[in-house]
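To keep things clear, I will list the structure first and then write my remarks on it.
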Amino acid sequence: MRTSRRLHSFIGGLALAACGLAAAQTQGVTKDEILIGTLQDLSGPLAGYGKDLRNGMQMRIAEANDKGGVHGRKLRLLVEDSGYDPKRAVLATQKLVNQDRIFVMAGSLGTGVNNAALPVLASKNTLNFFPAALSRDMYEPVSKLKFAFLSSYYDQIAPAAARLYREKKAARPCIIYQDDEYGLEILRGTEAGLKTVGAELVEKTSFKRGATDFSSQVARMKAAGCDFVVTGTLIRETVGTLNEARRIDFNPTFLGAFGTYTDLIHKLGGKPMDGFYSTMTVQHPYEDTVSDALKPWLTAYRGRFNEAPSAYSIYGYVIADRLVQALDKAGAQPDTDSLARAVEALKTPADMFGVPELSFAPDRHLGSNKARLSQIQDGRWKVVLDYDQMAR
């Protein structure tokens, strides 16, 4: 009997040692913490987005840590500034995976940034979780290292362009777009959407990332008689394009994709931004009109950061929240494979922020393909087509 007990004790000790060894061999996972990396623009043209994404992620991670973390491990977020520059993104990703030895990358901002980071992540078998970049590259082809949570620019702009073009009874559609993968995805989606209503672009004009003068592009579109313009732009490019258009009395219907849905557009551009449309999911949380359900969260955010949240604060919070859920489901000894399986089994209902239901599968690494449409009216975003209406 004594020998049997000793044998069981010995075997149990071996099992515990094996578990400890497995944990030690999983990069970014120790007995005390899990390291999460993220690439944000904190100094470049999308710094307004990057700061808020970081804050939202930090808030949710702090909440998780206040409750003991995940399976007894605290979560630590390591933030690198990409400056919205793919070259800087490569160096920052190399630092995160090789020097800091993160377990997972989450919520990184920018299509070009994420595309630059993906090969580095793949070389270390590191999962890219819910990037703040809606290119189809973020979930296609299916890979255990790539998961996205919201519909792509392509899948948002295609139905929105078709529907709005038809409703406005437009005749001469055009596009101005950033000459990179972000802008090209919006171009492709626009062309596909217009094709469904028997229309083609009559003018395509582009600009390089970082451009500040859009006078020649706007002049070309006015000369072409454009009455419907899709903008593959971001913050300052949208403001610059619309201000130039208003200056020369050029007033077509303007439609942007997800990357243009921010309160910064009307804060920076003022009255000339009225009438601008954008696809979106989460509504900007104006403090005087948010729902009662959202008020405690908004108060907690303001208390933590001493400023009001934006839609991108919510996206950061939601990304971190779903990651916490996935890490919990990945088990007490997580690795990349168990985390990937946990995300594939993840299903979350529509929430108080306006994020639609998210669900994944082994052959589907995109959580939702739904989107809404908003318009700036009297200096505020107003939802004009909800999820079910956009799908018609």
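The values are calculated or read from the model by the stated rules, or taken from the named source; none is laboratory data. All figures in this text were calculated on a predicted structure; none of them were measured in a lab. Neighbour counts are summed over all protein chains in view; Cβ atoms, including those assigned to glycine, are modelled from backbone coordinates with ideal geometry. Keep in mind that these areas ignore ligands, DNA and RNA; they rest on the heavy atoms of the full protein, side chains included. Shrake-Rupley method; radii C 1.70, N 1.55, O 1.52, S 1.80 Å.
Positive end of the dipole of the chain (Cβ unit charges, origin at the Cα centre): among Val104, Ser216, Phe353, the Cα lying farthest that way belongs to Val104. Here region 350-376 and region 198-219 have alpha carbon centers that stand 30 Å from each other. The HN-Hα couplings worked out from phi for region 290-298 by the Karplus form 6.51 cos²θ - 1.76 cosθ + 1.60 (θ = phi - 60°) are 5, 5, 4, 5, 8, 4, x, 5, 4 Hz, whole numbers, x standing for Gly and Pro. Between 0 and 90 degrees, the angle of helix 153-167 with respect to the longest Cα principal axis of the chain falls at about 30 degrees. Taking the Cα centre of each part, how many Å lie between region 50-80 and region 269-308? A separation of 22 Å, based on Cα centres. Note on Arg341: accessible area is roughly 150 Å² with a 1.4 Å probe, heavy atoms of protein only. Summing Lys and Arg as +1 and Asp and Glu as -1 over all other residues whose Cβ lies under 13 Å from the Cβ of Gly259 gives a net charge of -3. With the cut-off at 1.5 for a/c, could you classify region 99-243 from its C-alpha gyration tensor as rounded, prolate or oblate? Prolate, because a/c is 1.5 or more and a/b exceeds b/c.
Here's the list of aspartates and glutamates a cross-link from Lys146 could span, going by alpha-carbon distance under 14 Å and ignoring same-chain residues fewer than 8 apart: Asp137, Asp337, Glu344, Asp363.
For q values of 0.21 Å⁻¹, compute log₁₀ I(q)/I(0) with the Debye formula on a Cα-only model of region 175-318, without solvent. Once normalised to I(0) and log-transformed, intensities are -1.25.
As an equivalent ellipsoid, region 155-214 spans semi-axes of 22, 12, 9 angstrom, where each value is the square root of five times an eigenvalue of the C-alpha gyration tensor, largest first. When the helices of the chain are scored as -39500 (n - 2.57) per DSSP H run of n ≥ 4 and the total is divided over every residue, the value at 222 nm lands at -13500 deg cm²/dmol.
The phi-based Karplus calculation (6.51 cos²θ - 1.76 cosθ + 1.60; θ = phi - 60°) puts the 3J(HN,Hα) values of region 46-54 at 10, 4, x, 6, x, 4, 6, 4, 4 Hz, whole numbers, x for Gly and Pro.
Computed with a 1.4 Å probe over protein heavy atoms only, the accessible surface of region 158-208 comes to 44 Å² per residue. Percent of C-alpha pairs per 10 Å bin in region 270-330, short distances first: 18, 40, 31, 9, 2.
Residues whose amide H comes within less than 5 Å of that of Leu127, counting only those at least five positions distant or on another chain, are Met105 (H built at 1.01 Å from N in the peptide plane). The alpha-carbon atoms of region 286-392 define a convex hull whose volume equals 129 cubic angstrom per residue.
Hey, can you find the accessible area per residue of region 296-392 for me, probe 1.4 Å, expressed in square angstrom? Walk me through the numbers before you get to the answer.
Values: 4160 Å² over 97 residues.
I get 43 Å² per residue for this part.
Listed by chain and number, the lysines whose C-alpha is less than 19 Å from the C-alpha of Lys74, apart from same-chain residues fewer than 8 away, are Lys31, Lys329.
Residues with beta-carbon under 11 Å from that of Asp66, excluding Asp66: net charge, scoring Lys, Arg +1 and Asp, Glu -1? Walk me through the numbers before you get to the answer.
On the way: positive: Arg60, Lys67, Lys74; negative: Glu63.
Surrounding charge for Asp66 is +2.
Output needed for the chain: three equivalent-ellipsoid semi-axes, defined as square roots of 5 times the C-alpha gyration tensor eigenvalues, in descending order, whole Å. List each step's numbers first, then the result.
Details: eigenvalues 364, 84, 72 Å².
Sorted largest first and rounded, they come to 43, 21, 19 Å.
In sequence order, region 68-77 has phi-based couplings of x, x, 10, 6, x, 9, 6, 9, 10, 9 Hz under the Karplus curve 6.51 cos²θ - 1.76 cosθ + 1.60, θ = phi - 60°, and Gly or Pro positions carry x.
One chain, two ends: Gln99 and Asp179. Fully extended at 0.36 nm per residue, the span grows by 25.5 nm beyond their Cα-Cα distance.
What percentage of the solvent-accessible surface of the chain, computed with a 1.4 Å probe over protein heavy atoms, is contributed by carbon and sulfur atoms? Intermediate values should be presented prior to the final figure.
Working: 8220 of 16340 Å².
Taking all protein chains in place, the chain shows 50 percent carbon and sulfur surface.
A simple charge model with +1 on the Cβ of Lys and Arg, -1 on the Cβ of Asp and Glu and nothing else charged puts the dipole of the chain at about 760 debye relative to its Cα centre.
A DSSP coil position with no more than 12 other Cβ atoms inside 10 Å describes the following GluC sites (Glu not before Pro) in region 201-292: Glu287.
For the set Lys208/Lys370; Lys195/Lys370; Lys51/Lys87, the pairs lying more than 24 angstrom apart at their alpha carbons are Lys208/Lys370. Taking every protein chain into account, the 1.4 Å probe leaves His71 with about 90 Å² of accessible area, to the nearest ten.
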